[in-house]
1. How big is the charge dipole of the protein assembly as shown about its Cα centre, in debye rounded to the nearest 20, if each Lys and Arg gets +1 on its Cβ and each Asp and Glu gets -1 on its Cβ?
2. Could you pull out every whole DSSP H run in chain A that spans at least 24 Å of Cα extent along its own axis and averages 0.5 or higher on the Kyte-Doolittle scale?
3. Would you list which lysines come within 30 Å of A:K349, measuring only between C-alpha atoms, while excluding same-chain residues fewer than 8 positions from it?
4. Take chain A, connect every pair of alpha-carbon atoms lying under 10 Å apart with a spring to form a Gaussian network, then pick out the residue of A:P241, A:P131, A:P161 with the largest mean-square fluctuation.
5. Could you work out the helix-only [θ] at 222 nm for the protein assembly as shown, with each DSSP H run of four or more residues adding -39,500 (n - 2.57) and the total divided by the number of residues, to the nearest 500 deg cm²/dmol?
6. Name the lysines eligible as straight-distance cross-link partners of A:K226: C-alpha to C-alpha under 16 Å, and not fewer than 8 places from it in the same chain.
7. Considering protein heavy atoms only and a 1.4 Å probe radius, which residues within segment B:58-99 exhibit an accessible-area decrease of no less than 30 Å² in the full assembly relative to the chain by itself?
8. With all protein chains present, calculate the accessible area of B:K114 using a 1.4 Å probe and round the result to the nearest 10 Å².
Amino acid sequence: MGALRGQSWKYAAAPTRGAAIVVVVAALWALGWQPALAATVSLPGAAFDPAAVEKGAQLAAIGNCKSCHTAPNGKPYAGGRALSTPFGTIYGSNITPDPESGIGNWSQAEFMRAMREGVDRRGRHIYPAFPYDHYTRVNAEDVDAIYAFLMTREPVRAAPPPNELAFPFNIRSLVGIWKLLYFHAGPLQPNAAENEQWNRGAYLVEGLAHCGACHTPRNFLGAEIKSRAFNGGQAEGWQTPALDASSAASSPWTVERLYAYLRQGIDDVHDVTAGPMAPIVHDLSRVSADDVRAIATYVASFGAGQTPRPTSQNAATELPASGRGAAIYAGACASCHDLGREVHGGALKLSLSTAVAMPQPDNLIRIVRQGIVPAAGESGPWMPAFAGVLTDAQLTDLAIYLRTRFGERAAWDDLAGAIEKIAPNPSTP
Amino acid sequence: MITLNVNGQPREVDADPATPLLYVLRDHLELNGTRFGCGLGQCGACTVMVDGEAVFSCITPISVLQNRRVRTIEGLGTSENPGLLQRAFIDEQAAQCGYCIPGMIMRAQALLEKKPAATDADIRDTLSPHLCRCGAHMRILRAVGRALRAAQSAPTADAEGRDR
């Protein structure tokens, strides 16, 4: 009894505290979901204006919807693509008009709410891996055009695997709190000091193209750190280069170069597209020239590559590894990279490469190991893979050589650790 | 002097460490089964195996090959006693000019050793870095499929690697 009495003392003050807890829990619960909208019947494809469908196709390409909503070798937009995040794996949803597994039953209003408020048809919060923090900037007419485009795709019955998220991120209602902290709904205000093209670019980049989703670093809760916008981030194991003045690029990213890069995957003085950027450029190659130029105009205004590279004093030091790396370069890389792009069959001179000058070695390691290989049946920049050629030690030597000779910077701190962390993929040809 | 292990034999080579393996195989060791195609790692004709992985020998400097095992088309069999893949390519008559075939066979051999139960889709994926301008692709795919099935039904030294 004594023990019980002791406990009753302990909880003597509980009523008020308990009430407070009840209120907080109720508030969290209320945050945790939104009511479903009134049920509607989906429209047949023929009901959509072909002009809206075509416009939607262009917008879906700018948004690169396909990358996350298509499984490898899967039907377009049928979902199932695994996206690994620091919180676990999320699978892209099926956004074909299949009524069971896709969005066939979604009304235009429900689609609008998902895009701009991050709430699904049943009223549940959508994980912000779906970048509605950007799509909230997209105007209603454009969202409707995307709806028209998606609703006229081939319906595919395919349910993606359930997400594999660690506790507590598997509690979907907690996304409500995340939104309270980091989600700011509403359109982007035009900048009157800039011209129409720049503002069109800002509308696309900050909205549908969601460039910041990968090119801006994220905080421990996965929200973009707005004070460091376009400072460089991460995507699918790649380090996304900074798009601002902190860029490691050795040549300025002018509007013309960005335009060429975004439309063709290659410009005259920078690395070609690789990794998750490759499918984006593939999409942008089909988008109107005006919109790509607008994107280039806005991004060029961030000033990447404008400042000359700070050259490290240590870089000139001859390291033993650098000598071994030089022999590898001479036999494995020089036949293309010493020629430069001016020569047919030649590749970028690596003194112009951003990958060798970035703060992290990850992209260089991936490119050397996996090469740059367009998706099956598609064309694009190409480089052979060296996974089977180089051992980890040899890759280390080569990376030190490329970094110090061409990047003109001191060797990366934990190169061996990065090489170990990035699993080799020798089965890739 | 660099010592290379080629088809199970130690071979002394006097060449610059940056020399691509392809030139050493053809010019120093007179193993001319491996072909020069583009010299840029783009066509696959020069493919050989290094430690069980298919690599383009035209962009593989010999300096990276100390203590590693190189295997070429000559290491798979002879005219009198062809290896499993060589036999399958003969049976399917899977060559027209034949120039690209040794490289294709070497990558197929790496697949056969790593993934004997490979599907037709795996074979297509695996051979995708190889160019053949004669258009013998369908026969080549059939030949590799035939060799894989043969290896599965009767595992032989070929499937495990003859010289290892």
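1. With Lys and Arg at +1 and Asp and Glu at -1, about 1380 debye.
2. Helices meeting the criterion: A:14-31.
3. In chain and number order, the partners are A:K421.
4. Among A:P241, A:P131, A:P161, the largest GNM mean-square fluctuation belongs to A:P161.
5. Result for the protein assembly as shown, helices only: -10500 deg cm²/dmol.
6. A:K179
7. With the partner chains in place, segment B:58-99 has these residues losing at least 30 Å²: B:I59, B:P61, B:V64, B:R68.
8. Rounded to the nearest 10, the figure is 100 Å².
The values are calculated or read from the model by the stated rules, or taken from the named source; none is laboratory data. Because the structure is a prediction, the values reported are computed rather than measured. With ideal geometry, Cβ positions are generated from the backbone for all residues, glycine too; neighbour counts draw on all protein chains shown. Just so you know, the surface numbers come from the protein's heavy atoms only, side chains and all, with ligands and any DNA or RNA stripped out. Shrake-Rupley method; radii C 1.70, N 1.55, O 1.52, S 1.80 Å.
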